[in-house]
Structure formats: C-alpha cells, structure tokens
Amino acid sequence: MSSAKKNTLKLILVNILWGCIIAFLAYRMPSFVDDYQHQTSFADGSRIVSVAQIFPSVATYYMTWGGRAISMFFIQLMLMLPKMVFVVVNALIYIAVANVIHQYALAFHNKMVKEKVAAGDVSMIASIIEISAIYLVLWFFMPDFSEVVTWITGTVTYLWTNLIILIFGIMYYKAYCDVSGKRDNVEYKDASKSVASVVSSIIAYIVLGFLSGLSNEAGACTILFALMLFFNYMVIKKHRTEIYQILGAISCAAGAAFLILAPGNSTRTAAANAESNNIIRNYIFRIGRESFYTLMFLMIPFAIALGHTVYRHYKQVNTESASTRGKINIPEEALFYLLAFVSVYVMTFAAGFANRIFQLPLLLICIGFASSLAMIIRSEGALALRKGIAAVLVALSIMALFEVIAGTIYSASRDSFYDRQTIYYHIYDTEGVLSGNGM
C-alpha cells in the first residue's frame with residue numbers, strides 16, 4: 001500500500017474512531033426531560049407515530065411556544081424512529097461538524113499561502129493532525145457536552161443546526177478567500193457558470209440560508225452579522241457579488257425573522273421582561289451573566305487558540321519583506337473570535353439563556369485555532385513539529401478513550417449517564433457523573 005493510501009486510511013480511521021465514540025455515548029444516553037414531552041403532539045397531545053402528525057404539531061409549537069420549527073421537526077422525527085437512527089445520524093453530523101471546521105482552516109491556509117501548496121503526503125499528514133486536534137478541542141472543551149452532543153432534544157437544537165450555519169457560512173467564506181487571496185492589482189473574476197450551475201447555486205443558497213436563519217437565535221444573529229461583514233468587504237473592495245449570494249442573505253434574514261417573530265416567543269419574552277421592572281438592571285445582570293459563563297467555558301480554549309494565532313502571526317511577520325513589516329496587521333483569525341463573542345452577547349437581548357448556547361462560540365474559536373494550526377504545521381521545515389504534535393495528539397486521544405471507558409463504567413454503577421465537562425472552579429458536590437472534572 002502506498003504512503004498516500006495509508007495516510008488517507010488513517011484520516012478515515014480518525015473520523016470513524018470519533019464517530020464511534022459519539023455513537024456509543026448517544027446510544028447509552030437515556031430519554032431525558034424534554035424528550036418525553038416532545039414524543040407527543042403539541043396539537044392534540046397524542047403519541048407521535050407517523051410523520052404526518054409532526055407537521056400540525058410543529059405548527060402548534062410555533063404558534064404557542066417558540067420559533068425553532070426546523071429543529072422541533074427533526075426532534076420529533078428522531079424520537080418517533082428507532083433510536084439507532086438518531087445514533088447513526090448524530091455521529092455522522094458530529095463528524096461533519098469537525099470536517100467542515102477543517103475546511104475553513106484549509107480555505108484560510110490556501111488564501112494565506114497563495115501560490116505555495118503543500119505536497120501531497122505533507123498535506124495529508126497535516127490533515128490528520130488538524131482533524132485530530134479539532135476533535136480533541138471539541139472533546140475537552142464542549143460546554144454541557146451531553147446536552148448538545150448526545151441528548152436528542154439538545155443535540156438536534158444546537159449541533160445539527162450549527163452544522164447548517166457552518167456549511168452556509170463557508171460558502172461565503174470561500175468566496176471571501178478567493179477574492180482577498182488575489183493580489184490587489186489583479187481584478188477578481190468569477191469563472192463563467194452554466195445556467196444549470198447558477199440555478200443550482202441559487203437553490204442551495206436560498207434553502208441553506210433560510211434554514212440557517214431558522215436555526216437558533218444566537219446562530220441566526222451571528223450568521224447575519226457575518227453576512228453584513230462579507231457584503232461590506234465586497235463593496236469596499238469593489239468586487240462583484242453574485243445573485244445567489246444576495247438571495248442567500250435575503251433568505252437567511254427571512255428565516256431569522258420567521259424564527260424570532262414567532263408568536264410563541266411572546267410568552268417567554270413577557271416572562272423575561274417581568275423578572276424586573278428596571279430594564280437597565282435587567283441588561284446589566286444579563287451582561288454580567290454572559291461574561292461569567294464566557295470566562296468559565298471559553299477562557300481556556302480561547303487562550304489556546306489565541307496562543308496559536310499570535311505564534312503564527314509572529315512567524316509570518318518575521319518572514320515578510322521590510323516594506324510590509326511595520327504595518328499594523330490584525331491576524332485574520334480574529335474574525336472568528338469576534339463572531340464567537342458576538343454569538344454570546346447577542347443572547348443579552350434574548351428572553352432565555354442556557355449554557356448550551358456556548359457550543360457555537362466554541363466551534364468558531366475552534367475554526368480560528370485550526371486555521372492557525374494549519375499555517376504552522378504546513379510551513380516549510382515543520383517536519384519535527386508535526387511529529388511532536390502527532391505524538392501529543394495520540395496521547396490525548398488515548399486519554400479520551402480512557403475517559404469514555406471509565407466514565408461509562410462509573411455512570412452505569414450510579415444508574416446515571418456519561419457527561420463530560422471540564423470545570424474551572426471548585427465544586428463541592430454534584431449530581432450525576434461529571435467525568436473529566438477530577439472526580
């Protein structure tokens with residue numbers, strides 16, 4: 001077997017390994033809290049046993065409870081079907097999330113290096129390291145792990161819809177990279193497309209745009225903010241925007257309006273506004289709340305990502321010509337860190353709050369981290385660095401496997417479920433099993 005095939009097989013095995021871990025944990029995760037309510041129709045309270053029952057149920061949900069119609073449809077569908085369907089689909093979606101994050105990193109790398117392209121074997125080895133690092137960041141730093149990775153209601157609401165947002169976002173990010181990666185004195189021209197290609201692009205952008213807007217409140221506001229930055233950049237640089245890009249943004253805004261303006265949201269909004277008569281006090285409290293949990297959940301992964309970004313940027317500046325070395329140049333990974341914090345603080349204006357909203361910020365931070373990592377380990381003469389990083393990642397992967405085994409055995413003895421959390425503060429006592437916090 002050639003080295004290229006061996007490396008491809010290794011990359012596939014890394015994905016299969018993590019897919020199996022998530023599938024195993026999802027299979028062992030019991031029905032929990034909201035799952036029992038979502039097994040019945042919002043319309044008439046009957047047990048859902050057919051797809052036809054889901055449509056009136058979701059319509060009633062939208063009118064009386066909340067706007068997350070797309071996630072509720074799939075929640076009730078998964079609860080109706082045999083659990084193994086959810087187990088397999090969820091594992092595939094988890095793999096897809098990691099690989100889409102990697103695609104962002106590759107787009108960033110290709111934009112930054114321009115003519116330089118890593119050799120085939122080097123590129124594949126680097127991809128193995130990058131994918132493994134992405135999985136480990138998601139494993140060690142995912143806030144409320146079980147609620148957004150293995151629990152049906154929470155996972156469909158956040159992980160599944162966040163995947164849609166990431167896919168929709170990368171369509172614009174690759175267009176941005178194609179434009180900004182060109183030299184300033186070279187006019188950017190999109191390759192001519194056939195009518196069928198343009199029509200398919202329009203359909204894809206409209207569908208994914210609407211689903212992204214209809215995803216979840218934090219994600220919808222974040223992708224709309226990112227789209228605003230994209231179109232501002234295109235206008236400032238005087239680059240043409242394609243019709244499907246414009247239609248995709250309009251569709252995303254329509255989906256977000258459909259989500260946020262749902263009649264069912266008024267009940268929760270009224271309850272939130274009634275928590276205090278002092279609006280200023282409400283928002284001061286909310287900002288403090290978001291800041292506290294941001295530090296608790298994102299401080300360490302952000303510090304790791306920022307460290308890689310600073311190192312990558314420092315190395316790049318030192319290799320640039322003297323004419324560009326003195327210019328103030330903000331690392332481009334900062335875009336994803338900005339979007340991460342936007343996705344947190346947009347919840348200041350929301351009626352509700354849950355730790356689950358920190359999944360998207362972590363995914364965005366992970367994109368910045370993976371982008372910096374790709375630039376570092378794909379640089380010329382980084383062979384020793386790649387070997388060192390690979391050794392560390394193997395050790396951490398073995399540690400993660402040990403956590404799964406030990407946590408599963410311990411949680412089974414306590415008649416509980418596995419929930420991996422890394423906690424940065426002293427905790428006197430806890431309910432259930434929190435593998436990974438030193439217990």
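None of the figures in this text is laboratory data; all of them are computed from the coordinates on show. For clarity, every value in this text was computed on a predicted model and none was experimentally measured. Don't worry about glycine lacking a Cβ; one is built from the backbone with ideal geometry, like all the others, and counts go over all protein chains shown.
If the segment from Ser416 to Ile330 were pulled out straight at 0.36 nm per residue, it would be longer than the present Cα-Cα gap by 26.3 nm.
Between Val51 and Ala354, the simple label model (points 7 Å from Cα in the Cβ direction) yields a spacing of 2.6 nm. Label separation (Asp34 vs Ser291): 2.9 nm, computed from points 7 Å beyond Cα along the C-beta direction. Taking 0.36 nm per residue of sequence separation and removing the Cα-Cα distance, the Val207/Leu385 pair yields an extension gain of 59.8 nm. Summarising the label geometry, the points placed 7 Å from Cα in the beta-carbon direction at Asp178 and Lys83 lie 4.5 nm from one another.
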